[in-house]
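Take a look at the structure below.
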Amino acid sequence: MLTGVQVVLLGGDARQLEVIRKLTELDASVAIAGFDQLHTPLDGAVRADMNEELVKIADALILPAVGTDEDGRIMTVFSDQELILTEELVALLPKHCTVYAGMAKSYLRDMCSKHGIRLVELFDRDDVAIYNSIPTAEGAVMMAIQNTDITIHGSSCMVLGLGRTGLTLAGTLQGLGAKVKVGVRREEHYARAYEMGFEPFYIKELLQNVGNIDLLFNTIPTMIVTAQIIANLPSRAVIIDLASKPGGTDFRFAEKRGIKALLAPGLPGIVAPKTAGRIIADCLCRLITEETSKRGNEQ
């Protein structure tokens, strides 16, 4: 239980609703800002304005998937009001407060570091990333079906990267009957791909492996699907880039060549916000409980 723990939640999308529900179920005191246009009742949460008094009481401060932009602005789906996490507000956070976000840009990292506030990026955690890879894979398959005139079954698919997302996606495509090539950099990933029945190759050999591909899925957040690679893809190919913005694809050249290329970061929050919210909520509540227990033992 989180009785007596003061949580402040700022902005976000439908995923945050699951976080709020889970926190209130565990008896945390939850104050929320950036939800003034949400008509769904959130029993147990107190709607508040973002101000100095709000942040002064926070044992935990929860931000959206992308914590803030580089100017401190917080994304708000359920409000037209602008929420900005200024340095003055960060300075007022209690020193024991932990800031939680899916991922943090340099602005948020710098502010927390400067003022000695602990920052946790949830999407860096293996458990969250692996759970999130499930709706990501399903969303990628949905996009593939919507943007091709062939079945996944029997198609020739390529997945670049055998990390947490790539592994789940490759297995999902294989389960649907696709022939799956997997591009890897590390020897152990090559061995794992072979063991799982994929057709592995090293990324340095990418150019030699793209000649007969129907669907190319990229999970590597660096420029890897270059103009040279795109020039060697068959004209029927569709590229679905799952890497964080700006992705790893030369979208300008793909458009010039007439190859459909789609950037699709953040699929869990788009295709399955309730599931994605529960994943975040379960992790958050576990971490806040651990932090509260640790703080209690130190007192």
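The values are calculated or read from the model by the stated rules, or taken from the named source; none is laboratory data. Everything numeric in this text was worked out from a predicted model, so none of it was measured. In this analysis, Cβ positions are derived from the backbone assuming ideal geometry, glycine residues included, and neighbour counts consider all displayed protein chains. To get the accessible areas, we keep the full protein, side chains included, count just its heavy atoms, and leave off ligands, DNA and RNA. Shrake-Rupley method; radii C 1.70, N 1.55, O 1.52, S 1.80 Å.
Just a few scattered comments:
- Matching residues, segment 143-202, being aliphatic (A, V, I, L, M), assigned to a helix (DSSP H, G or I) and under 23 Å from the mean Cα position of the chain (by Cα): Met143, Ala144, Ile145, Leu167, Leu169, Ala170, Leu173
- The listed residue being in contact with a helix residue (DSSP H, G or I) (Cβ under 6 Å, 6 or more places away or on another chain), open to solvent by 20 Å² or more (accessible area, probe 1.4 Å), under 20 Å from Met50 (Cα atoms) and of a type outside the set (Gly, Ala, Ser), out of Glu87, Glu82: Glu87
- Close pairs (7 angstrom Cβ cut-off, 6 or more residues apart or separate chains): assigned to a loop (DSSP other than H, G, I, E, B) in segment 261-289, β-branched (Val, Ile, Thr) and surrounded by 20 or more Cβ atoms within 10 Å (Cβ to Cβ) anywhere: Ala264/Ile240
- Enumeration of residues in segment 172-206 that are buried (at least 17 other Cβ atoms within 10 Å of the Cβ) and hydroxyl-bearing (Ser, Thr, Tyr): Thr172, Tyr190
- Selected residue (criterion: modelled with the lowest pLDDT) from residues of segment 211-221 that are in a loop (DSSP other than H, G, I, E, B) and touching a strand residue (DSSP E or B) at 6+ places or on another chain (Cβ under 7 Å): Asn212
- Test for Leu263: is it within 30 Å of Leu26 (Cβ to Cβ) and either modelled with pLDDT of 95 or more or in contact with a strand residue (DSSP E or B) (Cβ under 7 Å, 6 or more places away or on another chain) (or both): no
- Any hit, segment 16-30, residues being modelled with pLDDT of 95 or more, assigned to a strand (DSSP E or B) and buried (at least 20 other Cβ atoms within 10 Å of the Cβ): yes
- Scoring Ser244 on the criteria (1) under 23 Å from the mean Cα position of the chain (by Cα); (2) open to solvent by less than 20 Å² (accessible area, probe 1.4 Å); (3) hydroxyl-bearing (Ser, Thr, Tyr) leaves a single failure, condition (2).
- Thr222 vs. criteria surrounded by fewer than 15 Cβ atoms within 10 Å (Cβ to Cβ) and among the β-branched types (Val, Ile, Thr): yes
- Filtering Pro94, Pro64 for residues that are closer than 22 Å to Ile279 by Cα and in a loop (DSSP other than H, G, I, E, B) leaves a single hit, Pro64.
- A single member of Ala178, Ala144 is touching a residue at least 12 places away in the same chain (Cβ under 8 Å), closer than 22 Å to Ile224 by Cα and out of contact with any helix residue (DSSP H, G or I) (no Cβ under 7 Å at 6 or more places or on another chain), and it is Ala144.
- The one condition in (1) touching a Pro at 6+ places or on another chain (Cβ under 7 Å); (2) part of a strand (DSSP E or B) that Ala58 fails to fulfil: (2)
- Within segment 143-171, tally of residues that are of a type in the set (Ser, Thr, Tyr) and open to solvent by less than 10 Å² (accessible area, probe 1.4 Å): 1
- Residue list for segment 247-260, filter: open to solvent by 20 Å² or more (accessible area, probe 1.4 Å) and either in a strand (DSSP E or B) or touching a Gly at 6+ places or on another chain (Cβ under 8 Å) (or both): Lys260
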